Amino acid sequence: MKKKLRIGIEVQRIFRAKKHGMEVVALELINEIQKLDQYNEYILYARNDVDDACVKEQANFKIRTLSSSSYPTWEQLALPKAVKKDNLDFLHSTCNTSALNLSVPLMLTLHDIIYLEKTDFKGTSYQNFGNLYRRFIVPKIVEKSKLIVTVSNFEKDVILNKLNLPEDKVKVIYNAVNPKFNVNYSKERLLDFKNVHRLPDEFILFLGNTAPKKIL
């Protein structure tokens, strides 16, 4: 019988009410892992927030809610302390950054590095602080990571060129599509929806958040 792995998954903000893209991707990943793997042991590291029912514990999947006063102190102090205590085999950090002082190998999901490409931050103070934090952390954390996952071949090329990494350190895993978006609606229902919302024949549905980098 093969050895059971103890795998940590860092998703600090997954329990917040208004989830952004990275939290949605992480939540879908967790949902699929819980369906596919009942053998290995998983520990989810998150921060207390209002939507704590979006993920359920199961026999091999436990949730650790860690407290801290800010995003950086949670990630750089509370997270590595908990990881060391839980004696993991490795940690997967899902949202671009991670703790610099980890006691286990790190797999990092790096969605993009736009905060390293652009310096004209025009967002809120919270958004600008987040960009500055990522500008400081990401170049350091990619060096410490055993494996980096990104979401497209385009972004892989950007990461390799900007951060001067060996090609075999960065792997592409595309974001999947939730089955609820694969419903084959009838032409009549689509026409009714179009008429109700007064949509033109051609339009763009934009689902990004309000950060200036998301707006054309």
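The values are calculated or read from the model by the stated rules, or taken from the named source; none is laboratory data. As the structure is a prediction and not an experimental result, all values here were calculated from the model. Cβ sites come from the backbone with ideal geometry, for glycine too, and all protein chains shown count toward neighbours. Ligands, DNA and RNA are stripped out before the accessible areas are found, and what is left, the full protein with its side chains, is counted by its heavy atoms. Shrake-Rupley method; radii C 1.70, N 1.55, O 1.52, S 1.80 Å.
How high is the relative contact order of the range 129-181, given as a whole-number percent (alpha carbon pairs under 8 Å, six or more residues apart)?
36
Please work out the C-alpha center-to-center distance from the range 1-46 to the range 62-101 and express it in whole Å.
Value for the Cα centre distance between the two parts: 13 Å.
Sketch the reach of a paramagnetic label on E117 as a point 7 Å from Cα along Cα-to-Cβ, and name the residues of the range 154-176 whose backbone nitrogen lies under 14 Å away.
154-163
If the limit is 21 Å between Cα atoms, which of K4/K35; K3/K84; K118/K144; K18/K56; K2/K56; K118/K162 go over it?
K118/K144; K2/K56
Taking the 0 to 90 degree range and rounding to the nearest ten, how far is the long axis of helix 125-144 tilted relative to the main principal axis of the chain, both from C-alpha atoms?
Compared with the principal axis, the helix lies near 50 degrees.
In nanometres, what is the gap between the two model label sites at S70 and D89, each 7 Å from Cα along Cα-to-Cβ?
Each label point lies 7 Å from its Cα, and together they span 3.7 nm.
What are the trypsin sites (Lys or Arg not before Pro) within the range 94-179 that DSSP puts in a loop, where the Cβ has at most 12 other Cβ atoms within 10 Å?
Counting only loop positions with at most 12 other Cβ atoms within 10 Å, the trypsin sites (Lys or Arg not before Pro) in the range 94-179 are K118, K122, K146.
Taking Cα atoms, how many degrees apart are the long axis of helix 21-36 and the longest axis of the chain, rounded to 10 and kept between 0 and 90?
Tilt of helix 21-36: around 70 degrees.
For the chain, what is the accessible area per residue in Å² when the probe is 1.4 Å?
On the way: 13760 Å² over 216 residues.
Computed with neighbouring chains in place, this is 64 Å² per residue.
What spacing in nm lies between the two simple spin-label points modelled at L207 and Q34, each 7 Å away from Cα in the Cβ direction?
About 2.0 nm separates the two model spin labels.
Would you please give the FRET efficiency between D168 and F136, computed as 1/(1 + (r/R0)^6) with r the Cβ-Cβ distance and R0 = 30 Å, to the nearest 0.05?
According to the calculation, E is roughly 0.70.
Quick one: Karplus J couplings for the range 192-201, per residue in order, coefficients 6.51, -1.76, 1.60, θ = phi - 60°, nearest Hz, x for Gly and Pro?
4, 4, 4, 5, 4, 9, 6, 8, x, 5
Of P179, Y133, V149, whose Cα points farthest to the positive end of the dipole of the range 132-186 (charges on the beta-carbon: +1 Lys, Arg; -1 Asp, Glu; origin at the Cα centre)?
Y133
Put a dot 7 Å past each Cα toward the Cβ at F129 and H20; how far apart are the dots in nm?
Distance between the two pseudo-spin positions: 1.3 nm.
On the Cα set of the range 113-199, report Rg and Dmax in Å, please.
19.7, 54
Under a no-solvent Debye model with one identical scatterer per Cα of the range 1-151, what's log10 I(q)/I(0) at q = 0.12, 0.16, 0.22 Å⁻¹?
-0.49, -0.89, -1.69
Might you report the magnitude of the Cβ-based charge dipole of the chain about its Cα centre, with Lys and Arg at +1 and Asp and Glu at -1, to the nearest 20 debye?
460
Please identify the longest segment of the chain free of exposed GluC sites (Glu not before Pro), where exposed means a DSSP state other than H, G, I, E or B and no more than 16 other Cβ atoms within 10 Å.
The segment 58-201 is the longest one with no such site.
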